[in-house]
Amino acid sequence: MAPSSPSPDSAGELLEQVLNPLLDDFAASFERGLLLLDHCPESVLSLAAQLSLEGRLLEARAELRAARALRAATPAPMALDMATIAPWHQLLVEVWSLSGSLRAAGISP
């Protein structure tokens, strides 16, 4: 007996159950990163690095909004390419690192 494939409806539901919380996490991390930068002294992260990170966070936030709008406008479930998600994940890691550096410096926004 061959294993059955999930129905398109259940596959779409699974995609939504996995992808929506992931996108929520990215959005929260981008906002957290911007908040951390508001409280970040140059002794923790140089001004140039702060401006670079801020620009990348703002760009990623806009990309995320666009991806959500596109997914909402599409009648069928739609995944996102790993080439889109991978840079967002890297930013998430940078935000975690900045948070740790701020804590180590005694700053907790």
Inside the stretch 65-95, the number of residues satisfying the requirement of being at pLDDT 95 or above and in contact with a helix residue (DSSP H, G or I) (Cβ under 6 Å, 6 or more places away or on another chain) is 4
Taking only the stretch 68-89 into account, find how many residues are of a type outside the set (D, E) and loosely packed, with under 11 Cβ neighbours inside 10 Å.
9
Cβ-Cβ below 8 Å, separation at least six or inter-chain, first residue in the stretch 38-52 and farther than 15 Å from L91 by Cβ, second hydroxyl-bearing (S, T, Y) and outside any loop (DSSP other than H, G, I, E, B): which pairs?
V44/S101
Is it true that some residue in the stretch 25-36 is surrounded by fewer than 11 Cβ atoms within 10 Å (Cβ to Cβ) and either without any contact (Cβ under 8 Å) to a residue 24 or more places away in the chain or not in a helix (DSSP H, G or I) (or both)?
no
Which members of the stretch 60-78 meet the condition of being of a type outside the set (V, I, T) and outside any helix (DSSP H, G or I)?
P75, A76, P77, M78
Over the stretch 79-95, the set of residues touching a residue at least 24 places away in the same chain (Cβ under 8 Å) and either in contact with a Gly (Cβ under 9 Å, 6 or more places away or on another chain) or not in a helix (DSSP H, G or I) (or both) is A79, L80, L91, L92, E94, V95
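The values are calculated or read from the model by the stated rules, or taken from the named source; none is laboratory data. As the structure is a computational prediction, the values presented were derived from the model and not from experiment. Ideal geometry is used to build each Cβ from the backbone, glycine not excepted, and the neighbour counts take in all protein chains shown.
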